[in-house]
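K.L.:
Starting off with a structure, shown below.
What follows draws every value from the coordinates through simple rules; no lab data is involved. Quantities reported herein were computed from a predicted structural model and do not represent experimental measurements. Neighbour counts are summed over all protein chains in view; Cβ atoms, including those assigned to glycine, are modelled from backbone coordinates with ideal geometry.
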Amino acid sequence: MPVLTPAALRAQIAADTTASLYLLVGGDEVEKSAVAGEFADSVDEGLRAFNVDRVYGGEATADDLIQAAATLPMMAPRRIVIVHEAEKLLIPKRESQAADEELERLERFIQDPPPHATVVFVSGALDERRRVVKLLKKEAQVVDCGTVGDAGDAERWVKVRAAQLGVPLDAGAVRALVQRAGLDIAGLRGGLERVALYAAGQPAITAADVRQAVPAAPDAPTNWGIANAIDRHDAAEALHELHAALDAGDVPFRVLGQLRIAAEKMPPPRLGTVMEAMLEADLALKSSRGDPRVLLERLVVEMCSPRRR
């Protein structure tokens, strides 16, 4: 089945077209908790005590889950069962015949859940090699709550979350937040909250605000866009990436390091010329001879010239 976004799942809940099984995964624990709560909120408040069950994987057994789901709903179309810490239920604490038999019962349940129930597995990291995990991912609607694979994903996450919270980040601020906070959801969320408090009341939040409010994380990503553009001889794209990096708060010497990576891929005759130009730029930056932006622009254009490669 295709992986759902939280927004797509919310549309299902609003349209009352939910399926029998859901698996909530991803690094955004707050989002997973909120999405699970929306399943419960879909039941009338006065009937939730009779139609919403919560079990915890560290305490409950597969039989507890099966029994909770088997109970018929009362004055409601569906029964909601939310399994918190589902990874602890799906991955037994110790291997034994009893544990194997319990997993077999859970697998049969996953293959044939009761039609009157919606079971929501809220899970941390899973062992993808296990048969029960493969089966659940095949049979359930998988909802990705905040998995961030790269800087582009992180920027999209920040934009969506900032819009939801009404935090007016400009494009440079979004890039700066990702560069400062890294690819960790908790870091991005915390950074967004910090800059929102720091710049509260401002009509727009800039990269400068982010640099003041958010400390750089040790795993903050390196942007290789400049190096990749140079490798393609694409001066326009390389300059665009350079400006984006500087506007987001990247320091000139860090950018120079990215350019050095690109230079190392060049053939020896061209490498010598570029390294001389890079040394000149390095000395000029250290001695404050010229605008750092202009110095780096000239170096980038020089490196992108295909006739000298």
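K.L.:
So what's the gap between the Cα centers of region 1-59 and region 230-309, to the nearest angstrom?
P.N.:
Taking the Cα centre of region 230-309 as reference, the centre of region 1-59 is 50 Å away.
K.L.:
Taking region 225-308 as the region of interest, what is the percent of Cα-Cα pairs per 5 angstrom bin, listed from the shortest bin to the one with the maximum distance?
P.N.:
3, 16, 31, 27, 17, 6, 1
K.L.:
Under a Cβ-Cβ cut-off of 12 Å, what is the net charge of the residues other than ALA117 that fall near it, where Lys and Arg count +1 and Asp and Glu count -1? Please report the intermediate quantities before stating the final value.
P.N.:
On the way: positive: ARG78, ARG79; negative: ASP53, ASP112.
So the surrounding residues net to 0.
K.L.:
Tell me, what is a quarter of the convex hull surface for the C-alpha atoms of region 23-80, in nm² with one decimal?
P.N.:
On the way: hull surface 18.1 nm².
If I average the Cα hull's projected area over directions, I get 4.5 nm².
K.L.:
Cα convex hull of region 151-213: how many Å³ per residue?
P.N.:
Numbers: hull volume 4.0 nm³, N = 63.
Convex hull volume per residue, Cα atoms: 64 Å³.
K.L.:
Here is a follow-up. Given the peptides 179-190, 67-78, 292-303, arrange them by the average over their residues of other C-beta atoms within 10 Å, most packed first. Each step should come with its number before you reach the end.
P.N.:
Numbers: 179-190: 21.0, 67-78: 14.8, 292-303: 18.2.
Ranked from most to least packed, the peptides come out as 179-190, 292-303, 67-78.
K.L.:
To test your reading of the geometry: what angle, between 0 and 90 degrees and rounded to tens, separates the Cα axis of helix 292-304 from the longest principal axis of the chain?
P.N.:
Long axis of 292-304 versus the principal axis of the chain: about 90 degrees.
K.L.:
What number comes out for the charge environment of ARG130, summing +1 per Lys or Arg and -1 per Asp or Glu over other residues with Cβ under 11 Å away?
P.N.:
Values: positive: ARG129, ARG131, LYS134, LYS137; negative: GLU87, GLU107, ASP127, GLU128.
Charge balance near ARG130 sits at 0.
K.L.:
Among PHE39, PHE121, PHE253, determine the one that fluctuates most according to a GNM of the chain built with springs between C-alpha atoms less than 10 Å apart.
P.N.:
Highest fluctuation of the listed residues: PHE253.
K.L.:
Still on this model: Please identify which residues in region 267-309 have an amide N closer than 15 Å to a label point set 7 Å out from the Cα of GLU237, following the Cα→Cβ vector.
P.N.:
Answer for this model: 304-306.
K.L.:
Next question. Over region 127-260, consider all pairs of different Cα atoms and compute the Kirkwood hydrodynamic radius from their mean reciprocal separation; express it in Å, one decimal.
P.N.:
Working: mean 1/r = 0.0614 Å⁻¹.
16.3 Å is the Kirkwood radius here.
K.L.:
Right, next: Relative contact order for the chain: what percent, with Cα pairs under 8 Å and sequence separation of 6 or more? Let's see the in-between values first.
P.N.:
Working: 454 pairs, mean separation 51.1, N = 309.
Relative CO of the chain lands at 17 percent.
K.L.:
Additional query: Taking 7 Å along the Cα-to-C-beta vector as the label spot, tell me the GLU193-ASP64 distance in nanometres, rounded to one decimal.
P.N.:
It is 2.9 nm.
K.L.:
Based solely on C-alpha atoms, express the radius of gyration and the Dmax of region 6-144 in angstrom.
P.N.:
14.3, 43
K.L.:
Okay, moving on. So what is the orientation-averaged projected area of the chain, using the convex hull of its C-alpha atoms, in nm²? If you can, show how the numbers build up before the last one.
P.N.:
Values: hull surface 85.4 nm².
With the hull built on Cα positions only, its mean projection is 21.4 nm².
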